[in-house]
Amino acid sequence: ARYGISRKTGYKWLARYQALGMDGLQERSRRPWGHARQTPYTLQQAIIELRQSGRGLRGPKKIRELLAMRYPDADLPGLTTIYHVLKRAGLITSTRRRRRVAPTARPFASVQA
């Protein structure tokens, strides 16, 4: 209470000091070590290989079907995940978004016929 920290934080710092000395009290990175649902590297490589092989360019739907045939017991990624893997690899270029036309402020002209 004197230093404005919780009891749990105080014990954590004490344990780090006893284990590592002054080096244990330095600021640590808060970045996570890994992602729980990250697509495995081998599956990413299979997605890229399926996109590049064959005659036509295959999209996420066809690639997912081919992955299902190739790896029947694997937990397959979703279509959006496959799209993101291909985009990170530079195999998909995003389409240019259209500008929206601003609505007119005037009402329509009157119609005679």
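Structure values in brief
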{"item": "Residue within the stretch 85-96 that is exposed (fewer than 10 other Cβ atoms within 10 Å of the Cβ), free of Cβ contacts under 8 Å to residues at least 12 places away in the same chain, at positive phi and not in a helix (DSSP H, G or I) present", "result": "yes"}
{"item": "Counted residues, the stretch 1-59 - those being of a type in the set (Phe, Trp, Tyr) and within 30 Å of residue 76 (Cα to Cα)", "result": "2"}
{"item": "Extreme residue, modelled with the highest pLDDT, among residues of the stretch 25-49 that are part of a loop (DSSP other than H, G, I, E, B), open to solvent by less than 100 Å² (accessible area, probe 1.4 Å) and farther than 18 Å from residue 68 by Cα", "result": "29"}
{"item": "Residue match in the stretch 6-18 (condition: part of a helix (DSSP H, G or I), of a type in the set (Val, Ile, Thr) and loosely packed, with under 10 Cβ neighbours inside 10 Å)", "result": "no"}
{"item": "Enumeration of residues in the stretch 66-83 that are open to solvent by less than 90 Å² (accessible area, probe 1.4 Å) and not hydroxyl-bearing (Ser, Thr, Tyr)", "result": "66, 67, 68, 74, 76, 77, 78, 79, 82"}
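The values are calculated or read from the model by the stated rules, or taken from the named source; none is laboratory data. In this text, all values refer to a predicted model and were calculated from it rather than measured experimentally. Note: ideal-geometry Cβ built from the backbone for every residue, glycine included; neighbour counts use all protein chains shown. All accessible areas refer to the heavy atoms of the entire protein, side chains included, with ligands and DNA or RNA removed. Shrake-Rupley method; radii C 1.70, N 1.55, O 1.52, S 1.80 Å.
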